[in-house]
Amino acid sequence: MIRINKPKQPPDVLLKKGAKQRRKLCALYSRYRHDYDSGARTFHSHFDREIYAHETVKRVLIQSQHGKCCFCEARITHIVEGDVEHFRPKAGYRQNPKDELQRPGYYWLVYEWSNLLLSCPKCNRRFKGNLFPLINPSERCVSHRGKINREQPLFINPAKDDPQEFISFKRDRAYALNDNARDEATIKMLGLDRVELNQERRDHYEKLRLIYFLAFADPPHPLSREAKALLEKAVKESEPYSAMARAAIASRFSPDA
């Protein structure tokens with residue numbers, strides 16, 4: 001994960017159509033509060049994907065994230081368009097993966113720019129889903145009338161936090177820098193240590209390792225300058241697995257790092 005810098009100004013469709021829909025959702029909740037809290041009613045039919053996943057919204061997310069998944073940093077847009085991910089889930093939430101789905105979810109944030117990210121389908125559907133654990137679940141904001149600033153999410157938010165203050169890499173493996181609940185929950189629950197992702201990063205790591213030793217060969221190799229240029233490119237935000245590349249290069253590809 002790396003820090004994501006989105007434009008402060010939301011796309012117009014969120015400011016106009018999204019704001020209108022938000023008012024409707026809040027009005028529905030106020031009118032049928034007990035039904036929505038019990039799950040007798042759901043907001044599913046009222047969520048308009050044509051607004052929160054509008055082409056203008058997705059385009060800005062793709063540009064801001066350089067076509068990479070907000071969680072695993074894999075480049076996704078050459079294969080799929082990616083999912084518009086709600087950091088705080090819209091339809092319901094779970095504190096733990098095996099918990100029953102609690103409703104109604106963060107319905108009032110469906111069209112909120114600060115709540116939208118671009119994710120690969122695997123991170124979004126297989127791992128993140130409706131998961132949204134809090135450090136203190138009793139402080140969860142359960143309606144638009146609550147105080148959401150009291151929540152302390154366990155997941156690192158790449159659009160708000162700097163993930164590199166929490167997570168680093170030993171070769172291809174992500175690990176918690178601070179050995180605390182937020183770091184661990186982000187890695188484990190979001191599948192940042194899944195086997196197939198580790199394999200992809202391992203392949204990338206090995207290529208970078210060879211480039212590194214070519215770049216700093218003694219005596220200098222004829223291709224050392226080009227190799228150094230490739231390393232400089234590998235740590236840029238636009239490159240896949242750049243957080244891992246930064247950690248590897250900083251450690252000089254030490255086998256113990």
If the requirement is being more than 25 Å from residue 204 (Cα to Cα) and assigned to a helix (DSSP H, G or I), which of these qualifies: 138, 143? 138
Residue check: is residue 84 aliphatic (A, V, I, L, M), in the same structural domain as residue 132 (by TED's automatic domain parsing) and under 30 Å from residue 173 (Cα atoms)? yes
Here are the criteria: (1) within 21 Å of the chain's Cα centre (by Cα); (2) not in a helix (DSSP H, G or I). Tell me which single one residue 14 does not satisfy. (2)
Scan 214, 197 and give me the residue that is at pLDDT 95 or above, over 17 Å from residue 72 (Cβ atoms) and crowded, with 18+ Cβ neighbours inside 10 Å. 214
So residue 167 fits all but one of (1) among the β-branched types (Val, Ile, Thr); (2) more than 17 Å from residue 93 (Cα to Cα); (3) assigned by TED's automatic domain parsing to the domain that holds residue 70; what number is the exception? (3)
Tally the residues that are part of a helix (DSSP H, G or I) and surrounded by fewer than 22 Cβ atoms within 10 Å (Cβ to Cβ), restricting the search to the stretch 54-71. 8
Could you tell me whether residue 159 is surrounded by 17 or more Cβ atoms within 10 Å (Cβ to Cβ), touching a residue at least 24 places away in the same chain (Cβ under 8 Å), among the aliphatic types (A, V, I, L, M) and not in a loop (DSSP other than H, G, I, E, B)? no
Which ones in the stretch 77-91 are over 11 Å from the mean Cα position of the chain (by Cα), under 16 Å from residue 151 (Cβ atoms) and not basic (Lys, Arg)? 89
Have a look at 49, 126, 94 and point out the one that is of a type in the set (Lys, Arg) and farther than 25 Å from residue 144 by Cα. 126
Of all residues in the stretch 162-196, how many are hydrophobic (A, V, I, L, M, F, W, C) and part of a helix (DSSP H, G or I)? 5
Only one of (1) crowded, with 18+ Cβ neighbours inside 10 Å; (2) free of Cβ contacts under 8 Å to residues at least 40 places away in the same chain is not met by residue 123, so which one is it? (2)
Among (1) modelled with pLDDT of 95 or more; (2) within 29 Å of residue 10 (Cα to Cα), where does residue 136 come up short? (2)
Per the filter on the stretch 72-103, residues β-branched (Val, Ile, Thr), in contact (Cβ under 8 Å) with a residue 24 or more places away in the chain and part of a loop (DSSP other than H, G, I, E, B) are 76, 80
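The values are calculated or read from the model by the stated rules, or taken from the named source; none is laboratory data. Being a predicted model, the structure only gives us computed values, none of them experimental. Here the Cβ is made from the backbone with ideal geometry for all residues, glycine too, and neighbour counts use every protein chain on show.
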